[in-house]
Each structure stands twice: as C-alpha cells, then as structure tokens.
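In what follows, a structure is listed as structure tokens, so that the remarks can point back to it.
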2 protein chains.
Amino acid sequence: MPATPQTIFVGVIGVGGVGKAFLGQLHHLSQRLSQANPPTDLRLILARRSNKQLFSESWQPLNISNVLRDLDQVTQPLLPLQETVDYLATAPGKVILVDNTSDPTLANSYPSLVRKGISVVTPNKKAFSDTYALWSDIFSGAANGTGSANNGYIFHESTVGAGLPVLSTLKELVETGDEVTKIEGVFSGTMSFLFNSFMPVSGSGGKFSAEVTKAKALGFTEPDPRDDLNGLDVARKLTILARLAGLAVESPTAFPVESLIPQALESCTSGDEFLQRLPEFDGQMEDLKASAAKEGKVVRFVGSIDVPAQKVKVGLEKFDASHPIAALKGSDNIINFYTKRYGSNPLIVQGAGAGAEVTAMGVTGDLLKVIRLLQ
Amino acid sequence: MPATPQTIFVGVIGVGGVGKAFLGQLHHLSQRLSQANPPTDLRLILARRSNKQLFSESWQPLNISNVLRDLDQVTQPLLPLQETVDYLATAPGKVILVDNTSDPTLANSYPSLVRKGISVVTPNKKAFSDTYALWSDIFSGAANGTGSANNGYIFHESTVGAGLPVLSTLKELVETGDEVTKIEGVFSGTMSFLFNSFMPVSGSGGKFSAEVTKAKALGFTEPDPRDDLNGLDVARKLTILARLAGLAVESPTAFPVESLIPQALESCTSGDEFLQRLPEFDGQMEDLKASAAKEGKVVRFVGSIDVPAQKVKVGLEKFDASHPIAALKGSDNIINFYTKRYGSNPLIVQGAGAGAEVTAMGVTGDLLKVIRLLQ
C-alpha cells in the first residue's frame with residue numbers, strides 16, 4: 001500500500017530569468033518527489049511577478065508547465081505584497097516561499113516570515129548583506145538558526161557563487177569545528193570575464209574599456225556596467241561569507257571596497273556616457289598590467305576575508321601565473337577556503353557563478369533541503 | 001524555559017587515525033549541540049576497536065575525552081560484532097553508528113542495520129563499491145533511499161575525496177535535474193603526489209621508482225605501495241560516483257583499470273621486494289614522460305566516467321599543462337563535473353582528499369546531516 005503523500009505548499013515570487021529556470025526545475029522535482037517513497041505532494045499555490053499574480057483555488061496546485069502563460073492572462077489587479085504573504089500563511093500545511101527577486105522589501109519581511117512558520121529559499125542577496133541587525137533578526141527566528149523548531153527554515157546558497165557549493169561548504173567547515181583562516185576568490189562572473197580577457201596568463205589581452213564594452217555586448221554585465229565595476233556586488237557576497245565565518249560585519253560598506261569607476265567618471269549621468277569616456281583611463285590600466293607583468297604576475301579583482309584578523313576587503317590584487325586564481329577561465333568563479341585542517345593547500349570550489357540555470361539549481365537544491373527537514 | 005533536549009545515541013566502531021580525529025570532532029559537536037536551541041543530547045554509548053569495546057551503563061553517555069584511555073583499561077573479552085549491533089538496536093531512541101573501519105563484514109551488515117532503524121555514517125568504501133546487489137540492498141532499505149521513513153539514514157561522503165564536497169555535489173546535480181555528462185579527476189592522494197613529483201608542469205621531476213619510495217617514506221602510500229599502484233582504490237571511488245550518476249556498475253572490476261604494477265613484478269612476494277625491483281622499469285616510465293612532453297603535455301593517473309556512453313575507466317592520461325588536472329599540487333584531489341548546465345567549463349572541487357582530520361570532517365558533516373533529519 002503506497003504511503004499517504006505529505007503535502008508541501010510552494011509560493012514563487014519572481015518569474016524572470018532565474019525564476020523561469022527555477023519553474024522548470026520545480027516541475028522536474030515535483031514529478032520526482034511524487035514518485036518517491038514516501039511521496040511528497042509539492043503544490044505550487046502562488047506565482048507572482050512585478051505586475052500580476054496567480055493564486056490557487058482552494059489549495060489545489062497550479063499547473064507548473066502553464067503558469068507563465070496563465071499569469072499573462074490574469075486581469076485582476078496585483079495585491080499588496082503583505083496580503084500575498086498573509087495568504088501563504090493560511091495554507092493548510094507547511095509552506096516554502098521561493099524569492100527569485102532582488103526586492104529589498106520582500107527581503108525585509110524574512111524575519112516575520114520565518115516566525116510565521118514559512119520557510120524561505122532565495123538567491124536574493126539583499127537581506128543577508130544589509131545591516132547586521134537584519135541578519136541577526138532573520139537567524140534568531142529561523143529554525144536552522146536559533147529560532148523555534150516550528151518556525152520556518154531559510155537557505156540562500158545561490159547568494160554566493162550561484163549553484164556552486166560555497167555556503168554549504170563553509171557552514172560544514174565551521175560546524176564540524178575547523179578553523180577557517182582565510183577565504184579568497186573571484187566572486188563575480190563579470191569581473192572574472194573582464195580580467196581573464198584584459199590580462200590572460202598567456203597573450204597580451206585587450207584594452208580595459210574595450211573588454212568592458214565587449215562584456216556588456218555579451219550580456220556578462222548589468223544593463224549599466226557601473227553596477228558591476230563599483231565592487232558592491234562582490235562586497236555583498238563577502239559580507240555574507242564573513243558573517244557565516246563568524247565575523248559580525250556591519251554592512252557591505254563597512255570594509256575597504258575598491259571601485260573600478262575612475263573618480264572623474266563618477267559624475268557620468270548614464271552608463272552610455274560612462275562607457276564612452278572610459279577609454280580615457282585605459283592608460284592607467286595598461287600601467288597596472290605592465291607593473292604586474294614585470295613581477296611575472298597577473299591582475300585579478302578579488303575578495304578576501306582574513307578571519308583571525310577580522311579583515312575583509314575587495315579590490316585588485318596581483319597573482320603568480322601559476323596561482324589557481326590566475327588560471328581561471330571565461331566567467332568562472334573560484335573560491336579558496338584556507339583552514340587549519342586543509343593546511344597550505346586550500347579547499348577550492350570553481351565553476352560558473354552566474355547564469356539562470358545554475359542560480360536556479362542552488363535555489364532548487366535549497367528547496368530540497370527544506371523539504372527533507374520538514375518531513 | 002529551555003526546551004527538553006532530544007537524545008540521539010551514537011556508537012563508534014574504529015578508533016584508529018580517522019576514528020581518533022572523529023572523536024575530537026564529536027566532542028566539539030556534542031558541546032555545540034547541547035547549547036543549541038533546541039538542544040540535542042548526543043550520547044556516545046559504544047566505542048569499539050579491533051580487540052576491545054566499551055559500552056555505556058544504562059544508556060548514560062561515555063566521556064568522549066577519556067574514551068581512548070578508558071578503552072585501554074577494558075579487560076572483558078571482545079563481543080562478537082553481531083551482539084554489539086544488537087545492543088545498539090535496543091537503545092531507547094534514535095541511534096547512529098559511525099563505522100570508521102575498512103571492515104567488509106561490518107559493511108555487509110548495513111542493509112540490516114538501516115532496516116533496524118539504525119543510521120550509518122562512514123568513510124568505509126567497502127559496502128558502496130562491492131556488488132551492485134549490495135548497493136541496491138542498502139539503498140532500498142535506507143530512509144534516504146527508497147526505504148521506509150522509519151528506517152535508518154546512510155551517508156558516506158568521505159568515501160570519495162574525504163571531506164571535500166564531492167558526493168553531496170553530485171547528488172544535488174542529479175536531484176535538481178541537471179544532466180551529468182562526464183566526471184573526471186584525480187581521486188587518490190598517493191597518485192596525485194606521485195605524478196605531480198614525477199612529472200611536474202615545470203621542471204623535470206624524479207624517476208618513478210624514486211618517487212614511490214619517497215611517497216612511502218612520507219606516509220603517502222599504504223604500508224604496501226602496491227595497494228595504491230594497482231588502481232583498485234581509485235576504481236572503488238569511481239564505482240561509487242558512477243552509481244550515484246545513475247550507472248548500474250556491477251563492481252570495481254567491471255571496467256578497465258590500469259595497474260602501475262609491471263606484469264613482471266606481479267609475482268613479488270613482498271612490498272619491499274617490489275620496491276627493490278621497481279627501478280628496472282624506470283626506463284618505460286621515462287619513455288612515457290618523454291612522449292607526453294613532446295606533445296606539451298603531462299601524465300596523470302585519473303579516473304573518468306562518460307555517463308551517456310556508460311563508460312568508466314581508470315588509468316594514465318595526458319593533459320595539457322594549462323589543464324586544471326595538470327596544475328594540481330602536493331597530494332590534492334581534483335574532481336571535475338561536466339554537466340549540461342555548467343557547459344564547457346566544469347564545476348570543480350579540489351583540495352586534500354586524504355588525511356585523518358579531513359576524512360573525519362566528512363564523517364562529522366554526515367553525522368550532522370543525519371541528526372537534522374532525525375529531529
């Protein structure tokens with residue numbers, strides 16, 4: 001006799017690039033889990049995007065395959081976010097909210113969500129890299145923090161390195177009692193691509209401004225490339241890692257972050273104006289390249305955390321051509337964990353750290369973790 | 001009011017190198033969990049080595065800090081393994097058995113253990129790389145396989161790459177619906193050290209027999225180095241990975257495994273005789289080195305799994321000097337996962353894949369996973 005399936009309700013907010021890839025993976029996962037022993041009935045009961053939302057009628061599941069098309073046909077006005085969340089909290093069972101947005105308002109509601117028993121999985125960095133008070137508020141409420149076992153769980157693997165096993169690895173090092181001494185790596189696909197092209201280990205590479213223009217054309221930058229070049233994205237990721245390593249970092253602006261936006265271009269009123277004027281500063285970048293080459297090194301844009309010294313920084317560093325950080329390819333990320341147990345050679349995780357499918361994979365992996373913990 | 005702690009009973013079999021390191025980590029973990037919210041009371045109730053064992057009186061915990069000393073003072077004769085297991089099954093709560101041995105007899109009992117509700121965590125490769133029938137028997141019984149939710153869980157992260165996140169990463173790729181196309185890497189610390197020294201990316205390296213002798217002197221080989229050079233250890237690891245990737249590999253001898261023991265030396269009656277005669281074959285190895293160098297490549301001892309073609313193999317391969325496998329250092333392992341989502345650049349995990357502390361870390365991490373699933 002087959003076991004009665006356990007029902008878990010899932011709400012998805014954000015159905016853009018990552019959200020769409022996630023829905024594909026959710027479809028696969030829900031089929032898999034419905035046939036597992038014991039089976040799990042994973043019910044999508046909410047899909048919400050910036051201007052429309054779709055609720056399930058009487059808790060019956062939405063059709064995952066058609067949900068994007070069905071959303072298009074919705075004519076009712078969008079409910080306020082708070083009402084949507086209140087709806088989720090009334091579901092007759094365990095609820096997991098998947099936040100595939102980069103919305104800070106939704107991020108700010110995580111502390112109350114987990115305290116309402118709603119679990120959250122998300123690639124949204126906002127909540128975890130904002131004030132330390134918000135971080136503490138989230139994890140003092142979450143069941144996988146110090147909150148009640150009846151509260152919701154919260155996982156955010158994809159906030160650093162997308163689907164790469166970065167946060168799970170760091171947590172395991174810490175929880176099993178290793179001493180993490182240093183974390184160092186390339187945490188931005190954009191910065192990786194830019195510097196691997198600007199100064200490859202062999203060959204001369206292109207002018208910096210030309211590489212930025214090329215990266216934008218290939219879709220490797222934000223619509224305004226200054227949002228990558230200011231270093232804030234990397235600073236947010238470092239804030240998250242440092243906190244998991246035990247440092248009470250106040251915010252992503254509480255440590256030195258080197259911006260690659262020349263001071264004279266800070267006043268540019270558009271990304272286009274910025275890109276047009278960037279070649280004026282190619283000379284400075286060529287000097288940097290030449291000075292590194294003279295030492296037999298290459299330049300990379302990295303983040304590092306010195307845990308015992310409690311120092312976090314983000315910016316340009318020189319590396320020997322034989323260093324794993326120098327040898328990185330394409331837009332890959334690399335994360336080096338130096339620990340007492342691992343000694344002089346770090347534990348390294350490397351691979352694509354951006355892209356819809358790999359980011360969604362980190363989210364789906366987290367969803368699966370929560371499902372298992374709820375069973 | 002503090003919550004009532006949940007009690008979980010732990011039995012440890014094998015207190016040698018890995019087992020000793022594990023006990024240190026267990027001590028740290030049990031303190032951590034006793035202060036968590038909600039607290040967990042992790043009780044060591046059994047410690048067993050090859051000739052002695054120590055039981056708890058009336059389910060009160062043994063003192064982890066003193067357990068090695070207390071074992072020394074035991075004068076009672078060793079109970080048969082079956083009686084020890086029967087004792088564990090009578091504990092008044094959830095039980096986790098930690099098998100830090102390489103004992104095939106204990107490994108063969110995993111199917112019955114998980115069906116008795118006892119969870120197992122272990123770095124012991126034996127059960128997972130034996131017949132496919134045994135593998136199926138284990139996972140059709142385990143709660144994290146297709147067994148009843150009341151059965152025991154079983155995790156074995158340290159059977160491949162020690163504490164590196166290898167099996168957990170592969171499982172997540174598969175479970176979230178990625179298509180793994182190829183897995184390739186250096187899976188033996190001994191083979192890594194031997195070939196990184198025999199043929200480094202820059203410099204000429206030493207004679208093969210001299211590197212084997214050096215590796216043995218440094219403690220990087222088994223007491224008899226033929227146990228590393230025959231390739232079986234790597235074949236066992238590949239068997240485990242291939243099965244997790246969905247291939248029903250019958251055994252570690254069901255696919256081509258290249259042995260580095262020259263045919264003429266297969267009749268040697270001791271490791272010492274073998275080491276003494278190995279220099280006779282240095283010429284062959286030097287030829288191999290020269291032929292690779294002519295192509296601008298280096299030689300490495302690797303394992304690979306071509307998933308769509310269902311082909312597994314272990315042996316020598318040539319790699320470009322710029323390939324991550326060529327650039328490996330010391331006795332590190334490297335594992336490259338090529339998948340549909342990750343495209344042309346693989347997801348890479350790299351670092352120490354052997355050693356007591358890092359192996360124990362994989363075991364402790366698995367223990368923590370089981371504890372969370374039991375809560």
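The values are calculated or read from the model by the stated rules, or taken from the named source; none is laboratory data. None of the values given here were measured: they were computed from a predicted structure. For neighbour counting, all protein chains shown are included, and Cβ atoms are generated from backbone atoms with ideal geometry for every residue, glycine included. For the accessible areas, the whole protein counts, side chains as well, though only heavy atoms, and no ligand, DNA or RNA atoms are used. Shrake-Rupley method; radii C 1.70, N 1.55, O 1.52, S 1.80 Å.
Residues that are under 26 Å from residue B:163 (Cα atoms) and in contact with a Lys or Arg (Cβ under 6 Å, 6 or more places away or on another chain): does the range A:227-243 have at least one? No - not one qualifying residue is present in the range A:227-243.
To keep it simple, each residue is scored yes or no on (1) more than 14 Å from chain B (Cβ to nearest Cβ); (2) under 23 Å from residue A:221 (Cβ atoms); (3) out of contact with any helix residue (DSSP H, G or I) (no Cβ under 7 Å at 6 or more places or on another chain).
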| site | (1), (2), (3) |
| --- | --- |
| A:105 | yes, no, no |
| A:138 | yes, no, no |
| A:153 | no, no, no |
| A:159 | yes, yes, no |
| A:173 | no, no, yes |
| A:178 | no, no, no |
| A:193 | no, yes, no |
| A:199 | yes, yes, no |
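Yes or no, residue by residue, for (1) in a helix (DSSP H, G or I); (2) surrounded by fewer than 20 Cβ atoms within 10 Å (Cβ to Cβ); (3) touching a strand residue (DSSP E or B) at 6+ places or on another chain (Cβ under 6 Å):
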{"residue": "B:62", "(1), (2), (3)": "no, no, yes"}
{"residue": "B:66", "(1), (2), (3)": "yes, yes, no"}
{"residue": "B:69", "(1), (2), (3)": "yes, yes, no"}
{"residue": "B:75", "(1), (2), (3)": "no, yes, no"}
{"residue": "B:79", "(1), (2), (3)": "no, yes, no"}
{"residue": "B:83", "(1), (2), (3)": "yes, yes, no"}
{"residue": "B:87", "(1), (2), (3)": "yes, yes, no"}
{"residue": "B:97", "(1), (2), (3)": "no, no, yes"}
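Note on the range A:238-251: residues that are charged (D, E, K, R) and open to solvent by 20 Å² or more (accessible area, probe 1.4 Å) amount to 1.
Filtered by the rule that a residue be exposed (fewer than 15 other Cβ atoms within 10 Å of the Cβ) and in a loop (DSSP other than H, G, I, E, B), the range B:1-30 gives B:1, B:2, B:3, B:4, B:5, B:16.
When A:311, A:289, A:297 are checked against the criterion of being in contact with a Phe, Trp or Tyr (Cβ under 8 Å, 6 or more places away or on another chain), more than 10 Å from chain B (Cβ to nearest Cβ) and surrounded by fewer than 16 Cβ atoms within 10 Å (Cβ to Cβ), a single residue qualifies: A:311. Give the residue that is farthest from residue A:342 (Cα to Cα), with candidates limited to residues of the range B:319-369 that are of a type in the set (Gly, Ala, Ser), open to solvent by less than 20 Å² (accessible area, probe 1.4 Å) and more than 7 Å from chain A (Cβ to nearest Cβ). Across the range B:319-369, the extreme among qualifying residues is B:326. Using the structure shown, decide if residue A:114 is in contact with a Leu (Cβ under 9 Å, 6 or more places away or on another chain), under 20 Å from residue A:45 (Cβ atoms) and outside the structural domain of residue A:233 (by the TED database). The answer is no for residue A:114. Contact annotation: no residue pair with Cβ atoms under 7 Å, 6 or more positions apart or on different chains, pairs a residue in the range A:21-46 that is on the phi > 0 side of the Ramachandran plot with a partner that is among the acidic types (Asp, Glu) and open to solvent by less than 20 Å² (accessible area, probe 1.4 Å).
Report whether or not residue A:216 is of a type outside the set (S, T, N, Q), modelled with pLDDT of 95 or more and open to solvent by 20 Å² or more (accessible area, probe 1.4 Å).
No: the conditions fail for residue A:216.
Considering the range A:31-50, the residues that are within 19 Å of residue A:97 (Cβ to Cβ) and not aliphatic (A, V, I, L, M) include one that is most open to solvent (accessible area, probe 1.4 Å), namely A:50. Beta carbons closer than 6 Å, at least 6 apart along the sequence or on distinct chains, pair a first residue in the range B:104-119 that is of a type outside the set (Phe, Trp, Tyr) with a second that is in a helix (DSSP H, G or I) and open to solvent by 20 Å² or more (accessible area, probe 1.4 Å) for B:104/B:126; B:107/B:126; B:111/B:137; B:116/B:89. Within the range A:163-190, residues that are closer than 17 Å to residue B:356 by Cα reach partners that are open to solvent by 10 Å² or more (accessible area, probe 1.4 Å) and in a strand (DSSP E or B) with beta carbons closer than 9 Å, at six or more positions or on different chains, in the pairs A:173/A:180. If you filter the range A:140-149 down to residues that are facing chain B (nearest Cβ under 10 Å) and out of contact with any Ser or Thr (no Cβ under 7 Å at 6 or more places or on another chain), you find that the one that is surrounded by the most Cβ atoms within 10 Å (Cβ to Cβ) is A:143.
Within the range A:150-171, the only residue that satisfies the criterion of being open to solvent by less than 10 Å² (accessible area, probe 1.4 Å) and over 19 Å from the mean Cα position of the chain (by Cα) is A:152. Considering the conditions (1) without any contact (Cβ under 8 Å) to a residue 60 or more places away in the chain; (2) surrounded by 20 or more Cβ atoms within 10 Å (Cβ to Cβ), residue A:234 is excluded by exactly one of them, (1). On the stretch given as the range B:99-118, residues that are buried (at least 17 other Cβ atoms within 10 Å of the Cβ) and part of a helix (DSSP H, G or I) total 7. Residue B:164 satisfies every condition listed in (1) part of a helix (DSSP H, G or I); (2) within 11 Å of chain A (Cβ to nearest Cβ) except (1).
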